[in-house]
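Data block below; observations after.
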Amino acid sequence: MAALIGRDLLGLADLSSTELQELLEMATQLKSQKLKLHCNKVLGLLFSKASTRTRVSFTVAMYQLGGQVIDLHPNVTQVSRGEPIQDTARVLDRYLDILAIRTFAQQDLETFANYAKIPVINALTDLEHPCQILADLLTIQERFGSLAGLTLTYVGDGNNVANSLMLGCALAGMNVRVAFPSGYAPDAEIVEKARTIAAGKTEVVLTQDAEAAAKDAQVLYTDVWASMGQETEADNRLPIFQPYQISQQLLGFADPEAIVLHCLPAHRGEEITDEVIEGSQSKVWDQAENRLHAQKALLASILGAK
Ligand code: CP
Ligand code: NVA
């Protein structure tokens, strides 16, 4: 069983390939109820951005493990009134067993983790969304039996999800292609990190050509064109991103057995058509469900549930 006891998960590359594979195995066993784990601990959720899936799946995961959850929305804590992260972190550390944070700057998450001795999980920052990718890889593994050698193509904005996907695919031995409009590349340091992990064994390809990127891929993936915090740019981005929509036509370039993933929430008619997200190759609801199983495995592993 994966032993991540006491560890933070601030980015996906905090995991080794083996630890990632073991977490996915634990998630599979928890999902099928072959494995039942218990831990009577308290999880805090400190989310400065909206969330449906991450908030609810972490909460249900913790309840199913026998633990409890406190929702620490910034508006009902002193966070929104400017209490320094360093102080909030040292205080929450004295009450909670584990903390999941959704915020803007990765640096703020890292400051939190530096000042809190308890494990801190990245529940989405502007840079990364590692918990999402655990569920994505679980969904792909369920469909294809294993991950190594598969090709995932992400089309759209080089955002937090794209960044963590590159790392996750590299760790899982998958090829990853990211197709994005000029000026919207994924984070350069993460591209380098993913290429280092892939170490010439698999590909990390960046391109502006969505059709070439989609060719023969087993997984097509997209996300919103304007992430949380970029709302004012949304209208300007529409024409720039139009060639990067997952449509039935783009799906036609992929492997005939390909699946389509989207982390949700989706904007039908923008990054994905209604036809594709509702179509037979879409696995987005399984993907959303897998947030629960993957994060339950993560919590159990970090908290040493038995
Ligand atoms: N995919 C995802 O993280 O969804 P939420 O923003 O609803 O948590
Ligand atoms: N890239 C999106 C993901 C939402 C789950 C955002 O950050 O808003």
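The values are calculated or read from the model by the stated rules, or taken from the named source; none is laboratory data. For clarity, every value in this text was computed on a predicted model and none was experimentally measured. Here the Cβ positions follow ideal geometry from the backbone for every residue, glycine too, while neighbour counts run over all protein chains shown.
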Residues in segment 255-275: is at least one surrounded by 12 or more Cβ atoms within 10 Å (Cβ to Cβ), assigned to a helix (DSSP H, G or I), assigned by TED's automatic domain parsing to the domain that holds Val155 and not aromatic (Phe, Trp, Tyr)?
yes
Looking only at residues in segment 88-111 that are under 25 Å from Val161 (Cα atoms) and in contact (Cβ under 8 Å) with a residue 60 or more places away in the chain, which one is surrounded by the fewest Cβ atoms within 10 Å (Cβ to Cβ)?
Phe104
Here the residues within segment 55-110 that are among the basic types (Lys, Arg) and either within 16 Å of ligand 2 (Cβ to nearest atom) or outside any helix (DSSP H, G or I) (or both) are Arg55, Arg102
Please specify each residue of segment 136-156 satisfying the condition of being crowded, with 21+ Cβ neighbours inside 10 Å and touching a Ser or Thr at 6+ places or on another chain (Cβ under 8 Å).
Leu138, Tyr154, Val155, Gly156
Subset of segment 111-134 [under 21 Å from Ser301 (Cα atoms) and either modelled with pLDDT under 95 or within 11 Å of ligand 2 (Cβ to nearest atom) (or both)]:
Ala123, Leu124, Glu128, His129, Cys131, Gln132
In this structure, does Lys31 turn out to be under 19 Å from the mean Cα position of the chain (by Cα) and within 16 Å of ligand 2 (Cβ to nearest atom)?
no
I'd like the residue in segment 201-218 that is within 17 Å of Val276 (Cα to Cα) and touching a helix residue (DSSP H, G or I) at 6+ places or on another chain (Cβ under 6 Å) and, out of all such residues, is nearest to ligand 2 (Cβ to nearest atom).
Ala210
Would a scan of segment 61-77 turn up a residue that is touching a Gly at 6+ places or on another chain (Cβ under 7 Å) and surrounded by fewer than 23 Cβ atoms within 10 Å (Cβ to Cβ)?
yes
